[in-house]
Protein chains: 4
Amino acid sequence: MYHKGFASDNNAGVHPAVMQALSGVNKGHAVGYGEDTITASAIELFKEVLGDSVEVFFVYNGTGANVLALQALTQSYNAVICSDVAHIHVDECGAPEKLSGCKLLTVHSPNGKLTVDLIKQHMHGFGFEHHAQPKVISITQATELGTVYSIEEIKTIAEFAHENGLYLHMDGARLANAAASLQCSLKELTFDAGVDVLSFGGTKNGLMFGEAVVFANRQLAENVKYVRKQSAQLHSKMRFIAAQFKALLSNGLWLDNARQANQMAILLADRLKAIPQVEVTQKVDSNGIFAIVPEWLIEPLQKSFFFYVWDESRDEVRWMTSFDTVPEDIDAFIERIKEIIAQNK
Amino acid sequence: MYHKGFASDNNAGVHPAVMQALSGVNKGHAVGYGEDTITASAIELFKEVLGDSVEVFFVYNGTGANVLALQALTQSYNAVICSDVAHIHVDECGAPEKLSGCKLLTVHSPNGKLTVDLIKQHMHGFGFEHHAQPKVISITQATELGTVYSIEEIKTIAEFAHENGLYLHMDGARLANAAASLQCSLKELTFDAGVDVLSFGGTKNGLMFGEAVVFANRQLAENVKYVRKQSAQLHSKMRFIAAQFKALLSNGLWLDNARQANQMAILLADRLKAIPQVEVTQKVDSNGIFAIVPEWLIEPLQKSFFFYVWDESRDEVRWMTSFDTVPEDIDAFIERIKEIIAQNK
Amino acid sequence: MYHKGFASDNNAGVHPAVMQALSGVNKGHAVGYGEDTITASAIELFKEVLGDSVEVFFVYNGTGANVLALQALTQSYNAVICSDVAHIHVDECGAPEKLSGCKLLTVHSPNGKLTVDLIKQHMHGFGFEHHAQPKVISITQATELGTVYSIEEIKTIAEFAHENGLYLHMDGARLANAAASLQCSLKELTFDAGVDVLSFGGTKNGLMFGEAVVFANRQLAENVKYVRKQSAQLHSKMRFIAAQFKALLSNGLWLDNARQANQMAILLADRLKAIPQVEVTQKVDSNGIFAIVPEWLIEPLQKSFFFYVWDESRDEVRWMTSFDTVPEDIDAFIERIKEIIAQNK
Amino acid sequence: MYHKGFASDNNAGVHPAVMQALSGVNKGHAVGYGEDTITASAIELFKEVLGDSVEVFFVYNGTGANVLALQALTQSYNAVICSDVAHIHVDECGAPEKLSGCKLLTVHSPNGKLTVDLIKQHMHGFGFEHHAQPKVISITQATELGTVYSIEEIKTIAEFAHENGLYLHMDGARLANAAASLQCSLKELTFDAGVDVLSFGGTKNGLMFGEAVVFANRQLAENVKYVRKQSAQLHSKMRFIAAQFKALLSNGLWLDNARQANQMAILLADRLKAIPQVEVTQKVDSNGIFAIVPEWLIEPLQKSFFFYVWDESRDEVRWMTSFDTVPEDIDAFIERIKEIIAQNK
């Protein structure tokens, strides 16, 4: 098998600068659980990037980030409105329901994006005790289908949420890719647009482990430290998460990594245009490509480059690029596709 | 402040061999979520060390390990019997109750150890639906008070558990220290002695992050993968946990690290004998020392070497040594104690 | 306001025979929590009606019955497939998620009924730990929209469920109405057709309080008594639930009550045909009528006869008949509708 | 077996006045779920008895009342401090942990009563995220051991709770017996003394089913209606709970019933003095008697009058009197005890 695949951006390794940062903080002792100076300076950096009023909590992984965010904003009788392809609905084995007790109300969204119109179908039953009370709208940026919300789209949803007494959660496992795509700052794309709580992804953008849950302000975050601990998401040797985020947020590494992944996706999409047997099904806004391919292409191609079938019913596959994907990887991939097609003619 | 403290073995950094292992596996792509070859070989190593029939699940931290183990063995109407100083009862912010729904039934154990006699007070109400049904006995090895169960003591509890239809869980956050203390193998101390599920600690013995939940056999572990995912304890870039454990279990690193920590605790205890103002309160079996000290000693000493007060009501403090503690650290610490005492005369 | 409304069959009172049964057992003491002879004989009666192998657990209400049934068949990482109008999804404030931890996977079903084809959209991801594992299909009989599954339709779903390792749960809050509609026995409609666990409704068919959860066999029910107690659904003075069910299942009272309600719904539907402003939207299989009406009709009619608006977006209302509805009630209701229409011309 | 036993006050039936009230409200339709006039007037009556500012929620049973009260006052990372014989700890199969997620911190209390001194052992770790945060002190009045807190004792605990930011919950399953014992009003004994939320018992004092959860004020009760529904404790035909409470709170029925039970307990205790083989172990403050008896007495006596062994390890039994116990029952019971003793001489 080729040494890089297109299965997921979490199949990539750790960016060298991040690895160096890990070594760099491995000196002497540090107080555990985030009471150390490295964690303090990482949080400072987050405030520089996302705004002075934000509150930051490091956790282990994306599911951990999402369930922490949702628990912080809800009671168990609440409901969370999300897309039917949302990671919190499809890919977390029911963690949100188990940890928060809440119901997830899904909306069919063919491009992975929510709109106020789509959300409205669940905006009823307020004050009616038989009905789980909607309290959070959760959007994913970039979406699970590789599309990206514009800042205006986010603002519109945020305003609608707040007018109706709901919070806006953003699952930003690939937030950096969205920001790179829109050429805007992380702040403009999140808290300036009205996001209340953000799952800020690190692992898919070059970290070894670690995500951050960022709250818009202190009020929202008041008791989050207990929720994090009770959810088994508090790391003892916290400096080793903090140091990675410091590396990511310094010198624009987050942007370089995301941009590289996005550009490789665009390159791949571009090269696919010349292959009529492959039909790209979603707009390529970030680092994911969805395509319907001939069934006979899938297995031999997977043997060379591992990837997942997204929708078996129509032979739709997902190809993700990473911060470490280079044009040569795309070349090799396209070459192999062409080979298999040639063999099947 | 001195560059090393005695607060906790998780205030230490990462052992250099572990850090090297992390760099070593940072090449190319690897399938995520544990489907990679590095994880496979780490699991193989676990089987060599703990027995062929064991099943291994890597998680993020100690609380994650314990709640995974307990959820795997219980239904929500069950109860878990443990010591009143057990980490699962005192230091996990109610995570076991929240995740498993179970009741914790505690036993007052002045030295941190359970005995069959102590356990028996909770062995009633079986079949009576008003009563949470005891299903797991949970012991900590080494205990939270630094003491160590002998193999015989564990066997006795395991036999009692099994005769009564209960499982034996071992919280082995400091299992290596116990094995070093008893000069026995990890297998003799766990599955050979009747343990059903083990939280195998890594972080406190020199890892950056990562613990392993090890089940005695496949039957017990049947659906654990779903529980791990739903509990937000499944790491995507799994090779980076696996590589650390490979380093720890290879070339006896786990034993060297534990032995060093233990020897430093013994050295510290030995040196304390010459200081009549300090009364060691627990047997020093592993790497923790508990001592009652003059109240005026605590604050100035903490300013030089950070540590926790264990029981404020009687000025009992806890001092932990680590794999990286060296005799010079003990010297400096003892020196500082003597200085403060001299100043208070 | 008229002394009877069409809001819900639970707005009716208690059938006189049930009230008499309650008085009848109010003599002396009885062992609590179901260990009494009246409960034993009520369970015997259930076995006569539903089959010798069934296991019966009395609970307080419909939500209690459903969450007990679902908890008994699932682990928290499972999913339950149901209609998007299912009571467990829409009307229980998230109780199933909270109590079981499971995800509910909904299917859009315009007539309230599931089919194998509809269910299939959720039959994937088995063995994939990221995905909540489907374990139960839950159908409502009669449905929340007043329609009724045929025995064949249930058998088809049950076979599909069992072939795929899933259980079939039936929410039978209005099971009696369905049986009356189909002119079949309760057994033919449930366990003979492959149902694994049944929420057997009592309150909507003339009881004061109390429902029964009936399992197809002992294996399924093994630990249910603990789940019932932990879910706060175990009544101490159990004879008072048991006596009501004895009355309901004796002398065909369940059938008389259900038949009366159904016949009144048919009568009402029939009378509505003469009113062109009212469009009945669902097949009238049991005791519920759904109709789109002029918006100006709703409020004045509610002032005379209380009822609920089902779908505000299209002025669809729900009218339920009860065991105590009589033709005179229908007359008065139709009369009032005509009056309001006349006033609005 | 004798037609009345001494197993529990919930082995008694329904008081005739309560049964009459049930029949009395069984007329026509009433809006469901508590929106009816009977429920409104029952709540009004509660306000008269317990204070204008209270908020009342009817539920099904004692466990339902307690878990509603605790959920209303806590987040899942909180802890509840209670006696080690508390019903919420010993007799609810872990319902509080499952529903609230909270940890129960128990105190060994030989007479069933908490004191500030006993509570203090758990008053630490505030603000420390590793520690479940104490938020509620829960006391039972009358206690599970038949003893009764004085008003002063409750005030002292309430003040301590409030000074420390905790709430005081009272499990009043037998509150009426306590008030009868102390000859004070229900209000003096609860909200005047500082109770924040009360589980007000009905079933053990002559109701068929139904308890009330009463909050000191609206702020505490803000979202309780959702919690009640999600906990499967909302009755549809609510008028039938409300009517019972109206009967209980009218004309002093609650007091007559409780007084009768208490007096019979005192009578029984008095008669037992003449039997040297029976040693009463607790103060007889309400309607329960605890006694150590010869082992050979237990089984034959249970055959005549059913009751529970409280502590098998020392042959301690519990005998409860009820609102319907009369002196002749005591006579028969004492007679039988004497007979068995005579046979064993």
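The values are calculated or read from the model by the stated rules, or taken from the named source; none is laboratory data. The model shown is predicted, which means the values in this text are computed figures rather than measured ones. Please note: Cβ atoms are built from the backbone with ideal geometry, for glycine as well, and neighbour counts cover all protein chains shown. Heavy atoms of the whole protein, side chains included, go into the accessibility calculation; ligands, DNA and RNA do not. Shrake-Rupley method; radii C 1.70, N 1.55, O 1.52, S 1.80 Å.
Listing for the model above:
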read-out: Complete set of residues in the range C:55-81 that are of a type in the set (Val, Ile, Thr) and either open to solvent by 20 Å² or more (accessible area, probe 1.4 Å) or within 11 Å of another protein chain (Cβ to nearest Cβ) (or both); value: C:59, C:63, C:67, C:74, C:80
read-out: Condition broken by residue C:16, with the remaining ones in (1) more than 7 Å from chain D (Cβ to nearest Cβ); (2) surrounded by 24 or more Cβ atoms within 10 Å (Cβ to Cβ) satisfied; value: (2)
read-out: Some residue of the range C:109-129 being within 14 Å of another protein chain (Cβ to nearest Cβ), touching a Phe, Trp or Tyr at 6+ places or on another chain (Cβ under 8 Å), of a type outside the set (D, E, K, R) and closer than 22 Å to residue A:99 by Cβ; value: no
read-out: Residue selected from the range D:202-222 under the condition more than 7 Å from every other protein chain (Cβ to nearest Cβ) and of a type in the set (A, V, I, L, M), by the criterion nearest to residue D:39 (Cα to Cα); value: D:212
read-out: Selected residue (only one of D:216, D:180, D:258 is touching a residue at least 60 places away in the same chain (Cβ under 8 Å) and open to solvent by less than 10 Å² (accessible area, probe 1.4 Å)); value: D:258
read-out: Residue check for residue A:187: open to solvent by 10 Å² or more (accessible area, probe 1.4 Å) and over 21 Å from residue A:37 (Cβ atoms); value: yes
read-out: Sole residue being away from chain C (no Cβ under 14 Å), among the acidic types (Asp, Glu) and touching a residue at least 40 places away in the same chain (Cβ under 8 Å), chosen from B:36, B:52, B:84; value: B:36
read-out: Residues of the range C:161-174 satisfying the condition of being closer than 13 Å to residue C:285 by Cβ and not basic (Lys, Arg); value: none
read-out: In the range D:45-73, the residues that are part of a loop (DSSP other than H, G, I, E, B) and either under 13 Å from residue D:202 (Cβ atoms) or not assigned by TED's automatic domain parsing to the domain that holds residue D:169 (or both); value: D:60, D:61
read-out: Conditions (1) surrounded by 24 or more Cβ atoms within 10 Å (Cβ to Cβ); (2) modelled with pLDDT under 95; (3) facing chain C (nearest Cβ under 7 Å): number failed by residue D:9; value: (3)
read-out: Cross-chain or 6+ apart pairs with Cβ under 8 Å, the range A:265-278 first and part of a helix (DSSP H, G or I), then open to solvent by 50 Å² or more (accessible area, probe 1.4 Å) and not basic (Lys, Arg); value: A:267/A:327; A:269/A:280; A:272/A:280
read-out: Qualifying positions in the range C:314-331 - assigned to a helix (DSSP H, G or I) and open to solvent by 30 Å² or more (accessible area, probe 1.4 Å); value: C:314, C:327, C:328, C:331
read-out: Lone unmet requirement of (1) within 11 Å of chain A (Cβ to nearest Cβ); (2) touching a residue at least 12 places away in the same chain (Cβ under 8 Å); (3) within 27 Å of residue C:232 (Cβ to Cβ) for residue C:97; value: (2)
read-out: Top-ranked residue of the range A:301-334 - restricted to ones that are closer than 17 Å to residue B:30 by Cα and β-branched (Val, Ile, Thr), ranked as nearest to the chain's Cα centre (by Cα); value: A:321
read-out: Some residue of the range C:22-33 being more than 9 Å from every other protein chain (Cβ to nearest Cβ) and under 24 Å from the mean Cα position of the chain (by Cα); value: no
read-out: Residue count, the range B:21-34 (criterion: closer than 20 Å to residue A:29 by Cβ and not aliphatic (A, V, I, L, M)); value: 0
read-out: Residue satisfying all of: in the range D:93-108; part of a loop (DSSP other than H, G, I, E, B) and under 20 Å from the mean Cα position of the chain (by Cα); surrounded by the fewest Cβ atoms within 10 Å (Cβ to Cβ) among these; value: D:108
read-out: Counted residues, the range C:223-249 - those being small (Gly, Ala, Ser), more than 14 Å from chain B (Cβ to nearest Cβ) and touching a Leu at 6+ places or on another chain (Cβ under 7 Å); value: 2
read-out: Qualifying positions in the range A:220-250 - in contact (Cβ under 8 Å) with a residue 12 or more places away in the chain and over 22 Å from residue B:210 (Cβ atoms); value: A:220, A:221, A:223, A:224, A:225, A:227, A:249, A:250
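The rows are residues; the columns are (1) closer than 22 Å to residue A:111 by Cα; (2) open to solvent by 30 Å² or more (accessible area, probe 1.4 Å); (3) in contact with a Leu (Cβ under 6 Å, 6 or more places away or on another chain).
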residue: A:268; (1), (2), (3): yes, no, no
residue: A:283; (1), (2), (3): yes, yes, no
residue: A:300; (1), (2), (3): no, yes, no
residue: A:333; (1), (2), (3): no, no, no
